[in-house]
Amino acid sequence: MITEIGHFTLILAFVLALAQAVIGFGFWRSGEGPARFVQQSAILQFLLVGLSFAALTHAFVVSDFSVRLVFEHSNSIQPMLYKVTSVWGNHEGSMLLFILILVLFGAGVAAFSSSLPRDLSTLVLSSQGLMVAAFSAFVLFTSNPFWRLDPAPRDGTELNPVLQDIGLAIHPPLLYLGYVGFSICFSFAIAALISGRIDAAWARWVRPWTLASWAFLTLGISMGSYWAYYELGWGGWWFWDPVENASFMPWLAGTALLHSAIVMEKRNALKVWTVFLAIITFSLSLLGTFLVRSGILTSVHSFASDPTRGTVILAMLVVLIGGAFTLFAMRASSLRQGGLFAPVSREGALILNNLFLATATAGVLIGTLYPLVLESLTGARITVGAPFFDLTFGALMVPLLLLIPFGPFLAWKRSDLVGVVQRLTGAIIAALIISLIVFAFLGFPVSMAPIGLAIGIWVMVGAVAELIDRAAFRKVGFGEGMKRFRGLPRSVYSTAIAHFGVGVSVIGIVCATAYETEIVTAMQPGQTIDLAGYEITYEGEQVVQGPNYTADQGQFTVVSPRGGVREMTSERRVYLVSRMPTTEAGINTYGFTQVYIQFGERMGETGRVVRLWHKPYVVLIWLGTIFMAGAGFLSLTDRRMRIGAPRRAKAKAKEVAT
């Protein structure tokens with residue numbers, strides 16, 4: 001009965017979303033009635049889809065194998081945590097989660113849209129309703145999660161063992177909150193193009209939603225990276241997998257949108273470009289949805305391999321994205337240009353930032369899609385691997401990273417580059433001194449990598465220098481400077497923290513990539529291997545029994561260069577139902593550095609193939625992303641994010657005169 005309720009509430013949500021879109025687009029100028037209907041409809045859809053999602057979760061929790069989805073992706077002996085994560089560890093359930101987050105953001109706009117103009121709010125919610133209707137129809141007619149089996153099997157298969165990990169409980173929801181959240185920016189762009197209301201106020205309304213989506217997507221990508229790092233047992237943190245790229249491209253475009261919206265809000269400039277970015281960011285999210293679920297990619301991240309579903313999603317993409325760009329082409333020429341500014345200005349720096357990010361997005365897009373297009377046209381199969389992405393992406397990021405500290409020091413409209421360099425002289429000297437100290441302390445061999453480390457340090461020092469300059473310590477002294485420092489707007493702190501996090505991640509990437517040590521060898525019990533100064537002894541193995549698997553567990557003792565002794569284990573598991581093997585890596589963390597062990601195949605009677613890695617400062621990669629996401633959430637708490645855009649001085653003067 002609960003399952004039928006979930007199915008019925010999803011159908012109601014579809015009907016309501018369709019009515020919301022039709023009435024909203026048809027009567028957006030007609031006053032209070034249609035506006036109130038679309039607002040109430042958006043909130044009610046969230047309640048209905050929430051009930052539907054709860055009903056599906058209940059079916060997994062109680063192991064209701066009469067539901068086909070539960071039978072195919074769960075088992076009675078599966079731990080409760082993985083019964084819950086099985087809800088979205090498959091195509092149908094993950095699409096229902098997609099819709100849940102879509103209506104969550106729609107309800108958020110409906111609940112917090114009191115400062116929005118009525119017509120704009122109605123159009124935003126109508127666009128959101130159209131997308132909810134489209135994806136609800138897709139789920140109901142091609143991917144119904146509530147399909148029943150009769151008779152009901154006694155037990156189920158199980159969730160893919162690779163996905164039976166705590167990371168799956170965190171990674172997909174965060175990722176969906178990110179790139180599905182950009183649907184609001186897309187809806188704002190559609191509403192602006194239809195109504196013609198594209199100004200600084202529009203940018204102020206879009207920025208909080210962009211920030212929230214970007215912060216969640218940052219965490220989602222970071223969690224996915226760490227999950228692949230420790231769960232797949234490959235010892236790597238990023239593989240330029242096409243599905244990884246599918247979430248990375250919206251992140252790059254969303255980063256550009258954040259910076260472009262600042263220019264539009266502050267200077268009423270870059271209107272056309274900002275609206276274009278709002279459309280393209282969510283379009284890339286939809287493209288990722290198609291890549292993951294169409295079956296045209298082979299990846300550990302893909303959910304489905306049904307070409308029929310892929311065809312339906314492709315049709316939805318053509319309608320939604322094609323319609324949006326058609327509307328953009330029709331209305332872009334009529335948009336007024338914003339304020340003028342000199343090339344050397346903060347606006348100019350943000351445009352340069354957008355240029356690098358947009359080019360990087362295009363590079364990743366080409367590298368991801370080119371093999372697919374070539375195969376469809378010629379039948380030839382090629383792989384575009386890490387060397388292409390490392391070269392093209394790295395070449396674009398190096399100048400961007402070098403320029404990041406300059407941006408906050410530039411004035412709006414027109415700036416003095418020589419004066420900015422003078423203000424940054426202390427930061428430049430500090431970055432050089434710190435870099436030399438780091439190189440001497442770490443003792444790394446001479447290579448191109450120290451340049452990367454120096455760039456990361458430069459970005460971090462530049463972020464700190466921005467706060468010091470804002471507080472004016474040199475002018476007012478330490479005491480008064482500390483008062484100013486504490487009184488800085490949270491948006492200023494968030495910018496500095498985000499840039500600081502970028503520098504932290506860059507240092508982690510450079511160190512883990514250039515200075516890691518890897519050893520692949522066969523080890524016998526009692527044998528010791530030296531790994532970058534760490535003495536690792538293979539003590540032997542034992543068989544352990546998990547809740548739904550058995551495992552050969554390798555036991556190791558690690559003696560660090562400073563003499564500390566730790567125990568480590570790594571496992572090769574076989575799951576009882578699917579008989580699928582997996583590898584659970586052993587990881588020990590020393591500060592920001594990790595020792596990583598993969599327990600491999602049997603060699604002889606007692607030996608094992610063992611892969612060992614020493615990964616210096618690899619933890620900084622994910623620590624930097626936490627800084628970035630935290631900065632986004634901090635910026636959301638700034639009071640200026642919760643009030644309307646300020647009116648221009650001329651408008652205020654007219655009011656005073658009257």
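A few notes on this one:
- For the peptides 313-325, 343-355, the ranking by mean Cβ contacts within 10 Å, running from highest to lowest, is 343-355, 313-325.
- Taking packing as the residue-averaged number of other Cβ atoms within 10 angstrom, the listed peptides 278-288, 17-27, 105-115 run from highest to lowest as 278-288, 17-27, 105-115.
- Each peptide in 49-57, 119-127 receives the mean, over its residues, of other Cβ atoms within 10 Å, and ordering these scores from highest gives 119-127, 49-57.
- Extension gain, Leu232 to Ala362, is 43.9 nm, computed as 0.36 nm per intervening residue step minus the present C-alpha separation.
- Virtual paramagnetic centre 7 Å along Cα→Cβ of Leu374, amide N under 16 Å, in the stretch 228-272: 242
- Per DSSP, loop GluC sites (Glu not before Pro) in the stretch 560-623 with at most 15 further Cβ within 10 Å: Glu605
- Cα centroid separation - the stretch 415-491 against the stretch 179-208, whole Å: 35 Å
- Seen from a random direction on average, the alpha-carbon convex hull of the stretch 517-615 projects onto 6.5 square nanometres.
- Our summary gives the chain a relative contact order of 12 percent, counting only alpha carbon pairs under 8 angstrom and 6 or more residues apart.
- Cα pair distances exceeding 27 angstrom across the stretch 1-159, given as percent: 30 percent
- Among (i) 27.9, 91; (ii) 26.8, 95; (iii) 22.6, 71, the entry that matches Rg and Dmax of the Cα atoms in Å as calculated here: (ii)
- MRE, 222 nm, helices only [DSSP H, n ≥ 4, -39500 (n - 2.57), over the chain, to nearest 500]: -21500 deg cm²/dmol
Quick note: the coordinates plus some simple rules give every number you see, no bench work behind them. All values reported here derive from a predicted model rather than from experimental measurement. As a convention, Cβ positions derive from the backbone with ideal geometry for all residues, glycine included, and neighbour counts pool all protein chains shown.
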